[in-house]
1. I'd like the FRET efficiency for residue 177 and residue 232, computed as 1/(1 + (r/R0)^6) with the beta carbon distance as r and R0 of 22 Å, rounded to 0.05.
2. Tell me, in nm to one decimal, what length is gained between residue 287 and residue 193 on full extension, where the rule is 0.36 nm per residue of separation less the Cα-Cα distance?
3. Taking every pair of alpha-carbon atoms in the range 54-116, give the share separated by more than 17 Å as a whole percent.
4. Please arrange 191, 90, 302 by how many other C-beta atoms lie within 10 Å of their C-beta, fewest to most.
5. On alpha-carbon atoms, Rg over Rh for the range 205-248 using Kirkwood Rh?
6. Provide 190, 122 in ascending order of the number of other Cβ atoms located within 10 Å of each residue's Cβ, fewest first.
7. On the Cα set of the range 128-251, report Rg and Dmax in Å, please.
8. I need 120, 338 ordered by Cβ neighbour count within 10 Å, fewest first.
């Protein structure tokens, strides 16, 4: 999510069209220039040294997420498909924003400013991915509601095929919403240079209020609506988990026992919560940019620009942290990762497909899983299954 005007990012404070030492410049103007130059330098250093770290750790983390979720334990689950798609989108976002910002600062190369076609495609993909990531997390949160409140229906509704339909529908709608970019964005001349921005005749082409409508639409799709939905779902899920935990403690003497549904729900709620925290600064900057009173002075505009650039860097951190959140809060994910890294020598827990999760949810209230004592060639089924698992 970014404002359409990017010409500010191309401003080079070492090439301003006036001499800082000019005797006509007042002391106040000199101090303002020094402050602005210092802010620019800090923002530049943040991206110069931070972007490579984000790219390296983000790429490795997301590749590990994809590998783990594509293994037999998770590949049939709907939430596994959602998180795999999320990891792919996060990786693409890292390269589109972090790599692009780093190339601008270090090599003075602007990927989106080379050709008209490149400008249109870059803008479309960037807006699409930002919107898509937010709504993937909304879909995951809604699915958890179904799993926790309607466990028997979840066995039928929350399948991998359903997840494919949901993802496809979201992608189709977002493609339609952002399709206007192909004719509203192009290379625009500014002070002898060409930048990827809204076309000059945008008011004649789309109407005088298009820019405001565009900014509010982007803000609503990427932040406001997903924020409201995810916060509502997360509060509902947490309340249900607390209630289920109390019932479990009252029904069993071992209060430490937790269902797979609870473990997965905690992992997904943590992911959505971290997304909300790390993307909130960008949303605040976008809201302030729509306030005419706040942006009426040039000093506020400059401060807002630099704040937004730092907020965008913080937003990129979200694409790196998901792997560590899964390891920290997801027992099933953590166990499968250990098994993969140990080449199958690590003893793993039973699978957590959607059907298993549904049965586990029901077990917290009335069904108890009973071990089977069936012998197969001198070994029970549990031992045989463990031996088969080590071959994965």
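Taken together, the values in this text are just the output of simple stated rules run on the coordinates, not laboratory data. Given the structure is predicted, the values throughout are model-derived calculations rather than measurements. In this analysis, Cβ positions are derived from the backbone assuming ideal geometry, glycine residues included, and neighbour counts consider all displayed protein chains.
1. Step by step, r from the Cβ atoms, then E = 0.50.
2. Here the answer is 30.9 nm.
3. Cα-Cα pairs of the range 54-116 separated by over 17 Å account for 50 percent.
4. 191, 302, 90
5. Using only Cα positions, Rg/Rh for the range 205-248 is 1.42.
6. By the 10 Å Cβ count, ascending: 190, 122.
7. Cα only, the range 128-251: 20.9, 74 Å (Rg, Dmax).
8. Final ranking by Cβ density, sparse to dense: 338, 120.
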